[in-house]
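Student: Got a structure for you, questions after.
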Ligand code: CP
């Protein structure tokens, strides 16, 4: 008896929908995505060949570097029996007609006629919304600048469920670049549904945007802010580490002033509660020492692998193709 398939009524919750921001997802939609990901993971583990997206095409449009998100989306589509067309470029190396000055809106208007679902990453906050405005097919935000990264947050929640069996009641410390970090901007909106206490750990220059912290507090979520990593680790059930992102800073000087602010090493892990998990959306630079990889709770590589079933669930649910 494998993981259950969502019911036809449940599947209606995401059919035809865009996935642009974690803030927009209801708890019912979140639970549906978790259930569907578990269903697909069961199929993957048992090597069941899937044809749910047979004959469908996904546009994989990445205007910013990516390893995990692009490749796990493309793997997810192929695991579902579907096909993929790709643009993978950066502002420094454009190969699509963006180089000729075509707007994202116009490009999506055209690509929407070629495919059944669109996955888009851009360095510009709000780009996924612009794509959704142009498209009739579902658009999934694979990261828009300093804005949102909802599919990362969904796989983060899935990872916590797999590692701990629950999310409710967890105390989560979020560490690093909370100002520009789209992964944490998304994750807090999903943790909120489970009533998790949160500790924000950052240098003062990289604090979580005030409007997000205020919104969480207004909704009754307990949020602490500190720059004391060891004190936070001593209390946390989950430590969510993020990279200080050089590419987001207005100047090299500002980046240099905060880079290497925190490094999670064996001395930090030594003060952790028993069973604490360490998550990281990756890529890692040097904010987690390589020696920490052998710690049982170091879940970040398992976390990255969870991107495939989560993205299978999103592709099949938004297009109404869970079969
Ligand atoms: N976590 C994440 O978004 O990784 P990539 O930038 O490699 O996609």
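The values are calculated or read from the model by the stated rules, or taken from the named source; none is laboratory data. Everything numeric in this text was worked out from a predicted model, so none of it was measured. Here the Cβ positions follow ideal geometry from the backbone for every residue, glycine too, while neighbour counts run over all protein chains shown.
Student: Considering every residue within the stretch 118-136, establish whether at least one is over 25 Å from residue 185 (Cβ atoms), at pLDDT 95 or above and either more than 14 Å from the ligand (Cβ to nearest atom) or outside any loop (DSSP other than H, G, I, E, B) (or both). Talk me through it step by step, then tell me what you get.
Tutor: From the stretch 118-136, those over 25 Å from residue 185 (Cβ atoms) are 136; that's our starting set.
Filter once more, keeping what is at pLDDT 95 or above: 136.
Those left that are additionally either more than 14 Å from the ligand (Cβ to nearest atom) or outside any loop (DSSP other than H, G, I, E, B) (or both): 136.
Yes: the stretch 118-136 contains one or more residues that are over 25 Å from residue 185 (Cβ atoms), at pLDDT 95 or above and either more than 14 Å from the ligand (Cβ to nearest atom) or outside any loop (DSSP other than H, G, I, E, B) (or both).
Student: Being away from the ligand (no atom under 16 Å from the Cβ) and under 30 Å from residue 6 (Cβ atoms) narrows it down to one residue among 302, 323; which is it?
Tutor: 323
Student: Is there any pair with a first residue in the stretch 65-93 that is under 14 Å from residue 311 (Cα atoms) and in contact (Cβ under 8 Å) with a residue 12 or more places away in the chain and a second that is in a strand (DSSP E or B) and within 8 Å of the ligand (Cβ to nearest atom) whose Cβ atoms are under 7 Å apart and which are 6 or more apart or on different chains, and what are they?
Tutor: From residues that are under 14 Å from residue 311 (Cα atoms) and in contact (Cβ under 8 Å) with a residue 12 or more places away in the chain, the pairs are 69/121; 69/142; 69/143; 73/142.
Student: List pairs: first in the stretch 128-156 and within 10 Å of residue 183 (Cα to Cα), second buried (at least 24 other Cβ atoms within 10 Å of the Cβ) and at pLDDT below 95, Cβ under 6 Å, 6+ apart or cross-chain?
Tutor: Here the result reads none, with nothing in the stretch 128-156 linked to a residue that is buried (at least 24 other Cβ atoms within 10 Å of the Cβ) and at pLDDT below 95.
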